[in-house]
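Participant: Before we start, here is the structure in question, set down as structure tokens.
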Amino acid sequence: MASLITCPHCGVRPKEEFAIRGDASRGRPEPMDSDEAWHDYVYVRANPRGRTQEHWHHVAGCRRFLVVERDTATHEVYSVVDAAEFALRATR
Amino acid sequence: MVRDYNNRHALEQKLRSAPVAPAADHLMVGHWRTMALVLARADREEAVRRAIASQPDLSMRFAAPGEWLVVSEVEAPSGLVRRLEELCDGGAYVVDQSDGRVVFRITGPNVRSILAKGIGLDLHPATFTLGGSANVLCGHVPVNLARTDEDTFELIVPRSYAESLFDDLMRMGLAFDLTAAFSD
Ligand SMILES: [Zn+2]
């Protein structure tokens, strides 16, 4: 587990200050999408080895949602951005 | 029916005994500290920050982007809220926190060694500079930490955590003979 996260608002912080909310790479299905699509979105989780993007909530700091890109095997952290910024980049 | 409630400080039980002579490292708790949370509207963050920063008697503590805890040594709670609302000119939500939070002021030559036992933040004078502030964990308790003087820090905690944090701080300061008392 990556033990130090560089929050874009708070600086370098220990992982104890965060709550991890899971995969940030998948988009939410449209309301009328099929049951299978929603079932996948809500329940089906991959357990990847390697580079992943996750939502981390800085509960004990700025209370912003962040997107952390890290390697689940080596614990290396590649990038940390505010989730609002991440969503903005995705729509561009 | 109108009820009167006795205003009782969260640490009344802990600090009731006669004040001890302060040691080199000392923890002070004020009976009355006025503070309010200011949350700026989207796109008004910079204007709000500048308006409050222009007031020398108001101390801004960083809580989140566009959000600050504003502490005053002179204002009464209602006065502070009114003044902040005027200053921000509709650009921010202001919520009084004076009764909801407790301010601990810890000072002394060993203050960083004491705080380092519970806080995972680099407190070196060159890194955590004078006037700096941050939301952090002290043990498991969320606090707002601010450096208010050379070797003085203030921790602001939700009222219901105050006794727990007090016990933690006294244990963290045991090796340095940390003392504690009400400051007023
Ligand atoms: Zn943060």
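Participant: I need the semi-axes of the equivalent ellipsoid of the protein assembly as shown: take the C-alpha gyration tensor, multiply each eigenvalue by 5, square-root it, list largest first in whole angstrom. Intermediate results must be reported in sequence, preceding the final value.
Facilitator: On the way: eigenvalues 288, 119, 67 Å².
In descending order, the three semi-axes are 38, 24, 18 Å.
Participant: Here's a follow-up. Could you sort B:122, B:4 by their accessible area in this structure, using a 1.4 Å probe and putting the largest first?
Facilitator: I get B:4, B:122, largest accessible area first.
Participant: Can I ask one more? Give me the extension gain from residue B:167 to residue B:85: residue separation times 0.36 nm, minus the current Cα-Cα distance, reported in nm with one decimal.
Facilitator: 25.9 nm
Participant: Report the equivalent ellipsoid semi-axes for the range B:35-133 in whole Å, largest first, defined as the square roots of five times the eigenvalues of the gyration tensor built from alpha carbon atoms. Walk me through the intermediate numbers first.
Facilitator: Values: eigenvalues 148, 50, 27 Å².
Each semi-axis is √(5λ); the values are 27, 16, 12 Å.
Participant: Restricting to Cα pairs below 8 Å that are 6+ residues apart, what does the relative contact order work out to for the range B:1-146? Please round to a whole percent.
Facilitator: The value is 27 percent.
Participant: Nearest 10 degrees, 0 to 90: what angle lies between the long axis of helix B:77-88 and the longest principal axis of chain B (Cα atoms)?
Facilitator: So the inclination is approximately 50 degrees.
Participant: Quick check for me: using +1 on Lys/Arg Cβ and -1 on Asp/Glu Cβ, what's the dipole size of the protein assembly as shown about its Cα centre, in debye to the nearest 20?
Facilitator: Values: 32 positive and 39 negative charges, 46 e Å.
That gives the protein assembly as shown a dipole magnitude of about 220 debye.
Participant: May I pose another question? Can you find, among B:182, B:164, B:126, the residue farthest towards the positive end of the dipole of chain B? Put +1 on the C-beta of Lys and Arg, -1 on that of Asp and Glu.
Facilitator: Of the candidates, B:164 comes out farthest on the positive side.
Participant: If R0 is 35 Å, what FRET efficiency do you get for residue B:124 and residue B:174 from their C-beta distance, rounded to 0.05?
Facilitator: 0.90
Participant: Would you give the gap between the C-alpha center of the range B:94-140 and the C-alpha center of the range B:40-62, rounded to a whole Å?
Facilitator: One Cα centre to the other: 21 Å.
Participant: Work out the length of the dipole vector of the range B:34-96 about its Cα centre, built from +1 on the beta-carbon of each Lys and Arg and -1 on the beta-carbon of each Asp and Glu, and round it to the nearest 20 debye. Walk me through the numbers on the way to the answer.
Facilitator: Working: 7 positive and 11 negative charges, 16 e Å.
The calculated dipole for the range B:34-96 is roughly 80 debye.
Participant: Hey, can you find the accessible area per residue of the protein assembly as shown for me, probe 1.4 Å, expressed in square angstrom? It would help to have the intermediate numbers written out before the result.
Facilitator: Numbers: 15490 Å² over 276 residues.
Accessible area per residue: 56 Å².
Participant: Determine the calculated [θ] at 222 nm for the protein assembly as shown from helices alone, applying -39500 (n - 2.57) to every DSSP H run no shorter than 4 residues and normalising by the residue count; nearest 500 deg cm²/dmol.
Facilitator: My calculation for the protein assembly as shown gives -5500 deg cm²/dmol from helical runs alone.
Participant: Could you work out, residue by residue across B:75-86, how many beta carbons of other chains sit within 10 Å of that residue's beta carbon, and then give the average as an integer?
Facilitator: Rounded to a whole number, the mean comes out at 0.
Participant: Could you check the simple spin-label distance between residue A:83 and residue A:3, using points 7 Å along Cα→Cβ, in nm with one decimal?
Facilitator: 2.7 nm
Participant: Provide a whole-number value for the mean count of partner chain Cβ atoms within 10 Å of the Cβ atoms in peptide A:9-17.
Facilitator: The shielding value for this peptide is 5.
Participant: Under the rule that a partner needs its Cβ under 4.7 Å from the first Cβ, which Cys of chain A have none?
Facilitator: A:62
Participant: Quote the accessible area belonging to residue B:104 in square angstrom, nearest 10, computed with a 1.4 Å probe and with ligands, DNA and RNA left uncounted.
Facilitator: My reading of the accessible area for residue B:104 is about 0 Å².
Participant: From Cα pairs below 8 angstrom and at least 6 apart in sequence, can you work out the relative contact order of the range B:34-96, rounded to a whole percent?
Facilitator: 49 percent
Participant: Then there is this: How far apart, in nm, are two points set 7 Å out from the Cα along the Cα-to-Cβ line at residue A:19 and at residue A:36?
Facilitator: Result: 3.4 nm between the two label points.
Participant: Now a separate question. Can you tell me the length gained on complete extension of the stretch residue A:90 to residue A:12, counting 0.36 nm per residue apart and subtracting the Cα distance? The partial results should precede the final answer.
Facilitator: Details: separation 78, 0.36 × 78 = 28.08 nm, distance 2.52 nm.
Stretched out fully, the residue A:90 to residue A:12 stretch lengthens by 25.6 nm.
The values are calculated or read from the model by the stated rules, or taken from the named source; none is laboratory data. Predicted model, so just to flag it, every value in this text is computed and none were measured. Don't worry about glycine lacking a Cβ; one is built from the backbone with ideal geometry, like all the others, and counts go over all protein chains shown. What goes into the accessible areas is simple: the full protein's heavy atoms, side chains included, and nothing from ligands, DNA or RNA. Shrake-Rupley method; radii C 1.70, N 1.55, O 1.52, S 1.80 Å.
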